[in-house]
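Structure record follows, encoded as structure tokens.
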Amino acid sequence: MKRFAGKVSVITGAGSGIGRALAVDLAKRGARLALSDVDLVSVAETAALCEKKGADVRHYQLDVADRAAVLANADAVVAEFGAVNLVINNAGVALLAPVAEMTWEDLEWVMNVDYWGVVHGTKAFLPHLIASGDGHLVNISSVFGLVGVPTQSAYNSAKFAVRGFTEALRQEMLIEGRRVGVTCVHPGGIRTNIVRNARADGGVTSEEVRGWFDRIALTTPERAASVILRGVERNRPRILVGPDAYVFDAMPRLLGPFYQRVAVQGIKLASRFGMKLGPY
Ligand SMILES: NC(=O)c1ccc[n+]([C@@H]2O[C@H](COP(=O)([O-])OP(=O)(O)OC[C@H]3O[C@@H](n4cnc5c(N)ncnc54)[C@H](O)[C@@H]3O)[C@@H](O)[C@H]2O)c1
């Protein structure tokens with residue numbers, strides 16, 4: 001996809017953070033927008049911001065964990081716009097919990113939103129992307145889809161799975177000769193509400209993480225949006241967002257499984273400076 005003007009673009013989780021910044025950036029570039037979020041008030045605010053930029057926008061309340069609702073949303077978007085060119089499966093949630101203390105409910109919550117939400121969005125919209133003749137699918141993983149991190153087992157599981165799912169799909173599209181680009185995005189720390197909205201188990205409080213996350217998250221959502229859209233224009237298979245993402249990407253490639261030992265030392269050191277990851 002070389003330009004976004006006139007392209008029908010679907011963004012989930014568009015009420016905040018990276019999703020909102022993508023919506024506003026695409027609005028400036030002349031895209032037509034189908035925005036959704038589980039939080040109707042926040043996605044309506046994003047839609048209003050995009051309308052101010054002159055964009056043709058519809059917004060929908062949508063829980064990406066609800067398969068039937070996502071399938072119905074795809075039908076509604078196609079009925080409204082006639083086609084779909086770009087789908088960004090962005091909605092996501094976070095959980096801080098050591099495996100031993102993590103509740104089944106919270107593990108399922110993360111998998112339902114962060115993994116199944118992406119799969120629902122992909123399967124629901126893929127036939128329309130193929131039919132468009134100029135389609136692109138973007139699935140948002142994380143640097144935690146590249147390396148495992150203590151207290152992040154659920155999020156790691158979902159984000160590694162998104163990466164595998166997306167990389168397999170890109171190859172399928174290429175083998176089948178489909179005109180659908182497929183990209184997996186791995187952001188580092190982006191200054192959004194993700195930690196503010198996180199759940200925590202086992203005596204871990206997300207408050208202690210919020211304090212330092214906002215200080216060490218290096219990248220603004222606006223910058224993240226611009227990096228992602230540049231990567232889509234170039235049909236990149238993988239997009240790293242932020243300088244920290246390049247460090248996370250290099251660690252397992254340079255160190256193999258020994259990256260885990262380095263990570264443990266790094267986490268112990270960070271803890272001495274008050275950057276505690278829950279109990280660690
Ligand atoms: N912020 C970071 O540092 C960071 C790093 C790596 C990856 N990511 C990923 O980026 C994506 C966007 O996150 P963000 O940082 O902008 O967070 P955010 O909390 O600011 O925005 C996430 C949005 O998703 C929505 N949402 C939550 N559950 C939903 C559901 N079930 N259905 C539909 N919408 C739902 C929320 O209402 C919110 O508007 C997520 O997939 C996240 O995992 C973020």
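With only Lys, Arg, Asp and Glu charged, each at its Cβ (+1 for the first two, -1 for the last two), find how big the charge dipole of the chain is about the Cα centre; round to the nearest 20 debye.
1160 debye
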- Message: Taking R0 as 25 Å, what FRET efficiency do you get between Ala100 and Asp214 from their Cβ-Cβ distance, rounded to the nearest 0.05?
- Response: 0.30
- Message: What do you get for trypsin sites (Lys or Arg not before Pro) in region 144-231 restricted to DSSP loop and a cutoff of at most 16 other Cβ within 10 Å of the site's Cβ?
- Response: Arg178, Arg179, Arg196
- Message: With +1 on the Cβ of every Lys and Arg and -1 on the Cβ of every Asp and Glu, and nothing else charged, how large is the dipole of region 137-224 about its Cα centre, in debye rounded to the nearest 20?
- Response: 200 debye
- Message: Counting heavy atoms of the protein chains only and a 1.4 Å probe, report the per residue accessible area for the chain as a whole number of Å².
- Response: 45 Å²
- Item | Contour excess over end-to-end distance, with Cα ends at Glu207 and Val247 and 0.36 nm allotted per residue | 11.8 nm
- Measuring from its Cα centre, region 172-218 shows a charge dipole (+1 at each Lys and Arg Cβ, -1 at each Asp and Glu Cβ) which, in debye to the nearest 20, is 200 debye
- Task: State, to one decimal in nm, how far the label point of Arg272 lies from the label point of Asn197, with both points 7 Å from Cα in the Cβ direction.
- Result: 3.7 nm
- Mind pulling the angle between the C-alpha long axis of helix 221-233 and the longest principal axis of the chain? Nearest 10 degrees, somewhere in 0 to 90. 60 degrees
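Identify the GluC sites (Glu not before Pro) of region 87-181 meeting these criteria: DSSP loop state and at most 14 other C-beta atoms within 10 Å of the C-beta.
Sparse-neighbourhood loop GluC sites (Glu not before Pro): Glu176.
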- Item | the chain, relative contact order in percent, only Cα pairs under 8 angstrom and at least six apart counted | 19 percent
- Query: Over the chain, what percent of the accessible surface lies on carbon and sulfur atoms, probe 1.4 Å?
  - Reply: 56 percent
- Query: What angle do you read, to the nearest 10 degrees and between 0 and 90, between the alpha-carbon axis of helix 17-28 and the longest principal axis of the chain?
  - Reply: 30 degrees
- Message: Suppose only helical runs count, i.e. DSSP H with n ≥ 4. What mean residue ellipticity at 222 nm does that imply for the chain under -39500 (n - 2.57) per run, divided by all residues and rounded to the nearest 500 deg cm²/dmol?
- Response: -15500 deg cm²/dmol
- State, to one decimal in nm, how far the label point of Gln61 lies from the label point of Arg179, with both points 7 Å from Cα in the Cβ direction. 3.8 nm
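The values are calculated or read from the model by the stated rules, or taken from the named source; none is laboratory data. Just so you know, these numbers come straight off a predicted model, no measurement behind them. All Cβ positions, glycine included, derive from the backbone under ideal geometry; neighbour counts span all protein chains shown. Surface areas here come from the heavy atoms of the whole protein model, side chains and all, with no ligands, DNA or RNA. Shrake-Rupley method; radii C 1.70, N 1.55, O 1.52, S 1.80 Å.
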